[in-house]
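Trainee: Okay, here's the structure, questions in a sec.
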Amino acid sequence: MSKIILVTGTSTGLGIDIAVQLAEIGHTVYATMRNLDKRGALDAAAKAANVSLNVLKLDVQKRESVSDAVARIIAVEGRIDVLINNAGAGFVRTTEQASEDEINWVMDVNFHGVVRATKAVLPHMRAARSGHIINITSVGGLVGQPFNELYCAAKFAVEGYTEALASYVTPSFGINFTAVEPGGIRTEFANNVMAGVAATGGMLDDEYKPILEKYIGGSSTRQGASDAYQDSHECAAVVTGVVANPNPPVRIRTSAWAEELTSLKTSTDPDGKKLQALVIERFLN
Ligand code: NAP
């Protein structure tokens with residue numbers, strides 16, 4: 001069945017592949033981005049795949065921008081079947097180094113943005129007694145990593161948010177929730193992180209510097225390694241699989257590397273279904 005799908009953050013990277021792959025399958029895709037001047041890469045990818053997309057402006061950090069986009073889709077289609085919260089941004093600075101504004105920004109774009117979009121679509125999905133909200137989190141939502149404590153905290157928040165909604169909104173209203181947990185993806189993500197570091201004074205000459213250099217050096221090696229990073233079309237294929245699944249997982253990794261890194265936390269309940277059932281039994285029965 002063709003679904004009405006809203007995807008955030010489709011100006012670059014994974015968002016482009018998700019939007020195009022879902023359109024290729026025959027879904028009606030609303031591909032959104034905060035700056036429509038950046039739609040060139042998405043348009044080119046859609047043209048190459050011979051699909052058409054509905055492109056709308058949506059900034060996840062602005063409540064009105066989110067509600068306007070959702071209202072426009074509802075006005076045309078009458079429903080939204082799937083929301084894919086893909087917009088996000090990395091951040092590499094220690095807690096001591098990060099400014100209050102930077103800390104607020106990381107949480108806002110990666111967590112509050114997910115809540116804003118979810119809050120806007122939920123009434124429509126609840127009325128329809130169906131829907132699926134897919135949150136692109138990260139292995140960083142399960143495993144804290146050096147210099148990423150603020151980004152990881154935001155993604156951990158998305159994980160907890162997803163899990164909690166899955167415990168009562170799913171059984172009550174038939175709306176599914178899935179956290180998609182990629183390892184590295186070959187996109188501009190890491191370069192954007194380093195550009196952010198450069199734009200805010202570069203590597204600071206403090207006690208953290210040698211540890212950060214070790215981390216950044218290892219990061220380059222990991223990016224070159226074949227298994228730590230996957231192509232965005234491969235990661236997007238996992239997302240399209242989740243969209244197609246009538247009984248979708250609460251959580252899913254997108255590569256063997258991501259699976260292995262997170263296995264100490266996920267091996268006893270890889271898809272999160274056992275925990276979902278336990279929480280329902282303990283709190284709602
Ligand atoms: P990317 O190429 O940097 O794409 C990030 C997207 O988010 C861009 O379209 C960006 O738009 C958008 N965005 C940022 N702030 C936004 C806002 N306020 N409103 C709307 N859109 C906004 O990185 P990516 O790898 O495709 O990332 C996609 C998702 O995967 C993110 O949630 C990320 O955390 C997650 N992830 C990535 C990796 C990785 O290694 N790449 C690993 C694990 C998880 P602009 O072009 O306007 O900035």
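Trainee: Pick from Gly78, Gly144, Gly90 the residue whose mean-square fluctuation is largest in a GNM of the chain, springs joining Cα atoms under 10 Å.
Mentor: Gly78
Trainee: Among Gly202, Thr10, Ile103, whose Cα projects farthest towards the positive end of the dipole of segment 4-284, with charges put on the beta-carbon of Lys, Arg (+1) and Asp, Glu (-1)?
Mentor: Thr10
Trainee: Measure off 7 Å from each Cα along the Cα-to-Cβ vector at Ala75 and His233, then give the distance between these two points in nanometres to one decimal.
Mentor: Each label point is offset 7 Å from its Cα along the Cβ direction, giving 3.6 nm.
Trainee: Tell me, Tyr208, Tyr229, Tyr151 in order of fewest to most beta-carbon neighbours within 10 Å?
Mentor: Values: Tyr208 17, Tyr229 20, Tyr151 25.
Least crowded to most crowded, the residues run Tyr208, Tyr229, Tyr151.
Trainee: Only Cα pairs under 8 Å and at least 6 apart count here; give the relative contact order of the chain as a rounded whole percent.
Mentor: 18
Trainee: Still on this structure, please answer the following. Specify the angular offset, from 0 to 90 degrees and rounded to the nearest 10, of the alpha carbon long axis of helix 209-224 from the longest principal axis of the alpha carbons in the chain.
Mentor: Orientation of helix 209-224: about 50 degrees from the principal axis.
Trainee: With a 10 Å radius around each residue's Cβ, average the other Cβ atoms per peptide and rank 43-50, 13-20, 180-187, highest first.
Mentor: Ranked by mean Cβ neighbours within 10 Å, highest first: 13-20, 180-187, 43-50.
Trainee: For the residue pair Met194 and Arg222, what label-to-label distance in nm results when each label sits 7 Å from Cα along the Cα-to-beta-carbon direction?
Mentor: About 1.4 nm separates the two model spin labels.
Trainee: Right, something else. Given only helices, namely DSSP H runs of n ≥ 4 each adding -39500 (n - 2.57), what is the per-residue ellipticity at 222 nm of the chain, to the nearest 500 deg cm²/dmol?
Mentor: The helix-only estimate for the chain comes to -17000 deg cm²/dmol at 222 nm.
Trainee: Follow-up question, since we're still on this one. Gain in length, Met1 to Arg63, computed as 0.36 nm per residue apart minus the alpha-carbon separation, to one decimal in nm?
Mentor: Details: separation 62, 0.36 × 62 = 22.32 nm, distance 3.07 nm.
Using 0.36 nm per residue and subtracting the Cα-Cα distance, I get 19.3 nm.
Trainee: Between Thr94, Ile185, Ala117, whose Cα lies farthest towards the positive end of the dipole of the chain when Lys and Arg beta carbons carry +1 and Asp and Glu beta carbons carry -1, centred on the Cα centre?
Mentor: Ala117
Trainee: Which of the residue pairs Lys57/Lys155; Lys209/Lys274; Lys62/Lys274; Lys38/Lys119; Lys155/Lys274 have a Cα-Cα distance greater than 32 Å in the structure shown?
Mentor: Those over the limit are Lys209/Lys274; Lys62/Lys274.
Trainee: Taking only Cα atoms and a 10 Å spring cutoff, compute GNM fluctuations for the chain and point out the largest among Asn247, Asn192, Asn35.
Mentor: Asn247
Trainee: Given charges of +1 on the Cβ of Lys and Arg and -1 on the Cβ of Asp and Glu, with all other atoms neutral, how large is the dipole of segment 32-81 about its Cα centre, in debye to the nearest 20?
Mentor: Working: 9 positive and 7 negative charges, 22 e Å.
Approximately 100 debye in magnitude.
Coordinate-derived values only; no laboratory data. Not measured: the values here are computed from a predicted model. Using ideal geometry, Cβ is built from the backbone for each residue, glycine included, and neighbour counts are taken over all protein chains shown.
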